[in-house]
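Coordinate-derived values only; no laboratory data. Keep in mind that this is a model prediction, so the values were computed, not measured. Neighbour counts are summed over all protein chains in view; Cβ atoms, including those assigned to glycine, are modelled from backbone coordinates with ideal geometry.
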Amino acid sequence: MRRALVGACALAVGSGPIGVFLMLRRMSLTGDAMAHAILPGAAIGYLVSGLSLGAMTVGGIAAGLTVALLSGLVARVTPLREDASMAAFYLISLALGVTIVSLRGSNVDLLHVLFGSVLALDDATLLLLAGVASLSTLVLALILRPLILDCVDPGFLRSVSRAGLPVHLIFVTLVVLNLVAGFHALGTLLSVGLMMLPAVSARFWSEDITAMMALSVLFGMLASAAGLLASYHLGLPSGPAIILAAGIICCLSVLAGRRDGLLLRLLPARHRTA
Amino acid sequence: MRGAIHFDNLTLGYDRHPAVHHLSGRIEPGSLLAIVGPNGAGKSTLLKGITGALKPLQGRVAFENVTRADIAYLPQAADLDRSFPLSVFDLVSTGNWRRSGFFGRLNRDHRARIHEAIAAVGLTGFEARAIGTLSGGQLQRALFARLIVQDARVILLDEPFTAIDAKTVADLLALVKNWHGEARTILAVLHDLDLVRAQFPETLLLAREPVAWGETAMVLAAHKRLAARAMIEAPDDDAAPCTRAA
């Protein structure tokens, strides 16, 4: 239980800020697609050496990066848009992954890969989650300025620096890393939940991007604690409970958020003179 | 003297179709050059060719004592994501990129310069405002402030005064004249010929081919006769490869 909380909080630290940028870059669903794309890599890792942390991690990262790079490449050399090529590749990847898992594994294994097992995190997995969270925080700090500029005014960034493409690739790598870390705890389907839901919630509380990132981490941790408590006391499956908790925070934010929240509109307020 | 740009039989275009065809000439350092011509005449394309965003189909752009790093470029409709949560101060401060780069912090001088630039474009008091809340003219003022902070030797402006009110045009034009006084090289794509006649000593009339280039009065006289309007705008997929030497 305590391990689960530590693991989920580590995930929140790494994924939250990444989610904020995915949202601001209008790539919210890309995270979802990437999460599916990871499956065949993890499955092949599983085929080779069973439920082994290392093999499934390496496989997942390899598969995620392959899909990201291939779809980026196809989008650049053909008129196909990146979202369409991403959809094509992740679907292929997902089908491949499910096929591989069902060829060899049992249903229990499939469930593990799809939904994770946050209550069964061992030391090695915890270290992996913490490592990914640290690495992604550090790297994000290093590329923060060009990444923001690449979101706001890519043309200007191109005119002053060649950093745009490398920064984009580093960012996509961070997305994949965090998703792979997330799938050990929450499974491939839900790992993107701790990335996007806290980020979307944070957007309703601040205009400032630094504050948004901090809030997304905070919301992620809150959701982890609340979800695990609910799962313990009500006997719910823990992974989905965490994401549901994040979902409740998200809905509350949409309703009551300080910035653009729906309830704010209902409050009577006279317009200002200037 | 720094800032000369040289076009050597330059042809720029897309998919092998020329948009700027066999342009040769030299822009002296400290020039204030207006680029005029009908829509689709290759004006924006020429600016992209100068920044290096577009590779020449033939010929080249050469710089004397200038590198691409000395060029500041204000595109026609900045592909700016205005929904991004960024303040006016932050937007203008991105002009400081060459000095602060990835990690460099903004020191007191940099900050002072940014505040001065914001004041010079008349946006004092807007520093903390999100860029999404600015009007078109205010955003253009902010982008000019960024140009001031960039402090570039060569400044390329693509239709900087389109859809901008008279007062803002006058203010921004004063900045351009100011840069001219500081011997910077300025190229501006413009459609308002009265403004060109009044403010720009030198003009290039482009209609895919360079039609006339020189003193503004002379070039605008040529504009009246304008063969330019008769230019065939559509690219022809069956057109033969061009064999002209220069």
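Structure values in brief
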| item | result |
| --- | --- |
| Residue count for segment B:83-99, restricted to those that are more than 8 Å from chain A (Cβ to nearest Cβ) and either of a type in the set (Ser, Thr, Tyr) or buried (at least 19 other Cβ atoms within 10 Å of the Cβ) (or both) | 9 |
| Helices (runs of 4 or more DSSP H) completely within segment A:120-223 that count 3 or more residues being away from chain B (no Cβ under 14 Å) and within 30 Å of A:LEU244 (Cβ to Cβ) | A:123-152, A:164-190, A:193-203 |
| Qualifying positions in segment B:142-171 - of a type in the set (D, E, K, R) and under 22 Å from B:ARG99 (Cα atoms) | B:ARG146, B:ASP151, B:ARG153 |
| Subset of segment B:54-75 [over 11 Å from B:LEU156 (Cα atoms) and touching a Leu at 6+ places or on another chain (Cβ under 9 Å)] | B:LEU54, B:LYS55, B:PRO56, B:LEU57, B:GLN58, B:GLY59, B:ARG60, B:VAL61 |
| Only one of A:GLY131, A:GLY193 that is free of Cβ contacts under 8 Å to residues at least 60 places away in the same chain and surrounded by fewer than 24 Cβ atoms within 10 Å (Cβ to Cβ) | A:GLY131 |
| Criterion: within 14 Å of chain A (Cβ to nearest Cβ), under 24 Å from B:ASN39 (Cα atoms), in contact with a Pro (Cβ under 7 Å, 6 or more places away or on another chain) and not β-branched (Val, Ile, Thr) - qualifying residue of B:LEU172, B:LEU156, B:LEU80, B:LEU74 | B:LEU74 |
| Count of residues meeting criterion [touching a residue at least 40 places away in the same chain (Cβ under 8 Å) and not aliphatic (A, V, I, L, M)] in segment B:157-174 | 5 |
| Checking B:PHE102 against (1) in contact with a helix residue (DSSP H, G or I) (Cβ under 7 Å, 6 or more places away or on another chain); (2) at the interface with another protein chain (Cβ under 9 Å from one of its Cβ atoms); (3) assigned to a helix (DSSP H, G or I); (4) without any contact (Cβ under 8 Å) to a residue 40 or more places away in the chain, the condition it does not meet | (3) |
| Count of residues meeting criterion [within 13 Å of chain A (Cβ to nearest Cβ) and either in a loop (DSSP other than H, G, I, E, B) or more than 19 Å from the chain's Cα centre (by Cα) (or both)] in segment B:44-71 | 4 |
| Candidates A:SER161, A:SER216, A:SER201, A:SER206, filtered to the one that is closer than 30 Å to A:LEU255 by Cα, among the hydroxyl-bearing types (Ser, Thr, Tyr) and surrounded by fewer than 24 Cβ atoms within 10 Å (Cβ to Cβ) | A:SER206 |
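Let's see how each residue does on (1) in contact (Cβ under 8 Å) with a residue 24 or more places away in the chain; (2) in contact with a Lys or Arg (Cβ under 9 Å, 6 or more places away or on another chain):
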site: B:ALA128; (1), (2): yes, no
site: B:GLY132; (1), (2): yes, yes
site: B:ILE155; (1), (2): yes, yes
site: B:LEU193; (1), (2): yes, no
site: B:PHE200; (1), (2): yes, no
site: B:GLY214; (1), (2): no, no
site: B:ALA221; (1), (2): no, no
